[in-house]
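Report on the following structure.
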Amino acid sequence: MVNVVPVNLGSRSYEVRIGEGLLGRIATEIAPLLRRRKVAIVTDETVAAKHLPAVLESLAAAGISASAMALPSGESTKAWPEFTRTVEWLLEQKVERRDVVVALGGGVVGDLVGFACAVLRRGVRFVQVPTTLLAQVDSSVGGKTGINSVHGKNLIGAFHQPSLVLADINVLDTLPPRDLLAGYGEVVKYGLLGDADFFDYLEAKGPALARFDHGVILKAVTRSVEMKAGIVERDETEEGERALLNLGHTFCHALEKATGFGDRLLHGEGVAIGCALAFELSQRLGLCSQEAPSRVRAHLKAMGMKTDLSDISGDLPSAEALVALMGQDKKVIDGRLRFILARGIGEAFVAEDVPPATVVQLLKDALTS
Ligand code: GLY
């Protein structure tokens, strides 16, 4: 079964297809986009070892010639040196404006390749084939592309929508359980920000998802993508509502900076802890009842996920230092920090006027509990 979620953006519209076995029939899926039977594929070394043979086999069987490049795996790839190498390689492959590039991998590959395609010959089309849960429910959809700077994450980039997204849920079976659960942090985020029924569903079925149950994964990825598509359709370039997708992310970015963007805290783990903190902050500001943050924390704990600051190994900076790290976040507007807060589960909104002292006290309490 394949679920199709349209992303309606006028001339930039595309489909997100979610189901089992899409990789093995990629040729059929992308053939209608091709103006000549040739594609360039960019992936990373880990994904290439697991999934590139199936992709190449499908393309070869359909008479589509393909060249492939594998970047080093990991976040440090998402920077100027590998970006330059990718753009030059695509030019060497003689990729033309009418061609299609395939981004096969997680968020690093998708973001970097999307940005390369945004600038290559002033814009070529690309297909996202996300191979992590996080990339399937978030980064492959919506057209945010880019690389990191020494000044911060994702500070260099462009909006460039893919022409198609193929989310093959079979590939998630090869993920380490920790990576699957980290991606689940972004799934929970959708329920928390705008769909209380979806959160109810996740409370009941999340543990099955953690056991790689395909029925639950299909439903969870589809609902997440539907929600993201709706938000992107209404606010493609993040003038307003799209900021809701950053629920938990202001806390997360500070924690990622404090822990060095590495193995101590994966991005999705930081999002989960950040969501718990955002609900706690909402409750302290009198916006929601105590039941809401309690439910968020109880669900994350039931999933065996990092929930509290004490779940992060090693020392963390002081509450004041963490708030200072938030101060460099790219979402700062006119020197003020903004947060995504909630009036209840599924009822998030953008708050511009959060008293810094309340945030410092929240983090002090979180650091000592
Ligand atoms: N990952 C947040 C967004 O796409 O807006």
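The numbers here are math on the coordinates, done by the rules we state, and not lab data. These numbers were taken from a predicted model, which means no experiment stands behind them. Neighbour counts run over all protein chains shown; Cβ positions are idealised from the backbone, glycine included.
Of all residues in the stretch 186-214, those satisfying the criterion of being in a helix (DSSP H, G or I), under 21 Å from ASN246 (Cα atoms) and either in contact (Cβ under 8 Å) with a residue 60 or more places away in the chain or touching a Cys at 6+ places or on another chain (Cβ under 8 Å) (or both) are GLU186, VAL188, LYS189, GLY191, LEU192, LEU193, GLY194, ALA196, ASP197, PHE198, PHE199, LEU202. Filtering the stretch 215-249 to residues that are without any contact (Cβ under 8 Å) to a residue 60 or more places away in the chain and over 30 Å from ALA351 (Cβ atoms) leaves GLY215, VAL216, LYS219. Got a sec? Which of ALA49, ALA31 is assigned to a helix (DSSP H, G or I), surrounded by fewer than 16 Cβ atoms within 10 Å (Cβ to Cβ) and within 26 Å of the chain's Cα centre (by Cα)? Testing whether each residue is assigned to a helix (DSSP H, G or I), surrounded by fewer than 16 Cβ atoms within 10 Å (Cβ to Cβ) and within 26 Å of the chain's Cα centre (by Cα) leaves just ALA49. Quick check on the stretch 129-144: of everything there that is within 14 Å of VAL171 (Cα to Cα) and of a type in the set (S, T, N, Q), which residue is farthest from the ligand (Cβ to nearest atom)? That would be THR131. Taking the conditions (1) under 29 Å from ASN148 (Cβ atoms); (2) away from the ligand (no atom under 16 Å from the Cβ) in turn, THR222 satisfies each one other than (1).
Is it true that GLU96 is more than 30 Å from VAL188 (Cα to Cα), in contact with a helix residue (DSSP H, G or I) (Cβ under 8 Å, 6 or more places away or on another chain) and away from the ligand (no atom under 15 Å from the Cβ)? Against the criterion (more than 30 Å from VAL188 (Cα to Cα), in contact with a helix residue (DSSP H, G or I) (Cβ under 8 Å, 6 or more places away or on another chain) and away from the ligand (no atom under 15 Å from the Cβ)), GLU96 qualifies. Could you identify the single residue in ASP168, ASP173 that is away from the ligand (no atom under 16 Å from the Cβ), of a type in the set (D, E, K, R), under 13 Å from LEU133 (Cβ atoms) and surrounded by 24 or more Cβ atoms within 10 Å (Cβ to Cβ)? Of the residues listed, the single one that is away from the ligand (no atom under 16 Å from the Cβ), of a type in the set (D, E, K, R), under 13 Å from LEU133 (Cβ atoms) and surrounded by 24 or more Cβ atoms within 10 Å (Cβ to Cβ) is ASP168.
Candidates in the stretch 235-252 are the residues that are within 12 Å of the ligand (Cβ to nearest atom) and assigned to a helix (DSSP H, G or I); of these, the one that is surrounded by the fewest Cβ atoms within 10 Å (Cβ to Cβ) is GLU241.
Please indicate, with yes or no, whether at least one residue in the stretch 279-288 is among the acidic types (Asp, Glu), part of a loop (DSSP other than H, G, I, E, B) and more than 19 Å from the chain's Cα centre (by Cα). Give the derivation first.
Within the stretch 279-288, the subset among the acidic types (Asp, Glu) is 280.
If we keep only those that are part of a loop (DSSP other than H, G, I, E, B) as well, we get none.
No; the residues of the stretch 279-288 include none that is among the acidic types (Asp, Glu), part of a loop (DSSP other than H, G, I, E, B) and more than 19 Å from the chain's Cα centre (by Cα).
Every condition in (1) outside any loop (DSSP other than H, G, I, E, B); (2) touching a strand residue (DSSP E or B) at 6+ places or on another chain (Cβ under 7 Å); (3) under 30 Å from ASN3 (Cβ atoms); (4) β-branched (Val, Ile, Thr) is met by VAL137 except one, and the failing one is (2).
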